[in-house]
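This is the structure I have questions about; it appears just below.
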Amino acid sequence: MKNIVILISGRGSNMQAIVDAQIPGARIAAVISNKADAEGLTWARERGIATASLNHKEFDGREAFDAALVTLIDGYAPDLVVLAGFMRILTPVFVNRYANRLMNIHPSLLPAFTGLHTHERAIAEGVKFAGCTVHFVTAELDNGPIIAQAVVPVHDGDTAATLAARTLVEEHRLYPQAVADFVADRLIMTGRRVLRQG
Ligand code: GRF
């Protein structure tokens, strides 16, 4: 059984999709938020999943927050740490601690549109296809090895909200699949490439 700790900051719909997928061999050990009032924490708590919150504003700098977060996470002995809408930039010490077992989902087809406001920027840029990317997290923002991607069309009448909604449907399919592939040891790393075996 592999222990999974999921970090969220808000509604946690990707976290919910991962929990609901009931991935064989995976145990959701905890859901942790930097915001005590994150909707996703309530959802997880109602399902009997351990939850915790750690307010980044109570710490003097990113290093101190990340050190406390590591202590909290490690209490759940994670095999995999999943970022699901966790809106904090993590320090290299944190990222390196969970090297090759720290995943994120980003709402663009990386390496295009790293950072925030991806849907607005995709529409403004005039791209015809957008999507989402699950990747391993490295110290450089949104730049880690790509595990899986899904593509959605951009329609002429799209707003950031309509494109986000279309992308989110794919996120909820893609992220549980990527976690399941990790749990089943199907992901093989060769350099920056992540190959899926089987
Ligand atoms: C998703 O769009 C995800 O790609 C991005 O933040 C959003 C989180 O949504 N990283 P949710 O909290 O999982 O509903």
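The values are calculated or read from the model by the stated rules, or taken from the named source; none is laboratory data. Because the structure is a prediction, the values reported are computed rather than measured. All Cβ positions, even for glycine, are placed from backbone atoms using ideal geometry, and neighbour counts span all protein chains on display. These area figures cover heavy atoms from the full protein model, side chains too; ligands, DNA and RNA do not enter into them. Shrake-Rupley method; radii C 1.70, N 1.55, O 1.52, S 1.80 Å.
Report the GluC sites (Glu not before Pro) located in region 127-198 that are in a DSSP loop and have at most 12 other Cβ atoms inside 10 Å of their Cβ, or state none.
Of the GluC sites (Glu not before Pro), the ones in loops of region 127-198 whose Cβ has at most 12 other Cβ atoms within 10 Å are Glu140.
Kindly sort Lys35, Lys57, Lys2 by accessible area of their heavy atoms, largest first, with the probe set to 1.4 Å.
So, going from the largest accessible area down, we get Lys57, Lys35, Lys2.
Going through region 1-100, which chymotrypsin sites (Phe, Trp or Tyr not before Pro) have at most 11 other Cβ atoms within 10 Å and a DSSP loop state?
none
Considering only DSSP beta bridges where both residues belong to the chain, give the percentage that are antiparallel (nearest 5).
Within the chain, antiparallel bridges account for around 45 percent of the total.
So how much accessible area does Thr114 have, in Å² to the nearest 10, using a 1.4 Å probe?
Approximately 60 Å² for this residue.
Oh, and also: Pairs of alpha-carbon atoms within less than 8 angstrom and 6+ residues apart define the contacts here; what relative contact order does the chain have, in percent?
19
Of Asn104, Ile73, Val93, whose Cα points farthest to the positive end of the dipole of region 38-118 (charges on the beta-carbon: +1 Lys, Arg; -1 Asp, Glu; origin at the Cα centre)?
Comparing the listed Cα positions along the dipole, Asn104 ranks first.
What size of dipole, in debye to the nearest 20, comes out for the chain about its Cα centre when the only charges are +1 on Lys and Arg C-beta atoms and -1 on Asp and Glu C-beta atoms?
420
Mind giving me the nanometre distance, one decimal, between the label points for Lys128 and Glu140, set 7 Å out from Cα along Cα→Cβ?
3.0
Accessible area of the chain with a 1.4 Å probe: how many percent of it is carbon plus sulfur?
The C+S portion of the solvent-accessible surface of the chain is 53 percent.
A further question on this structure: Would you work out the charge dipole size for region 1-98 about its Cα centre, treating the Cβ of every Lys and Arg as +1 and the Cβ of every Asp and Glu as -1, and quote it to the nearest 20 debye?
160
Express the accessible area of region 104-198 per residue in Å², computed with a 1.4 Å probe while the remaining protein chains stay in the model.
Per-residue value: 51 Å².
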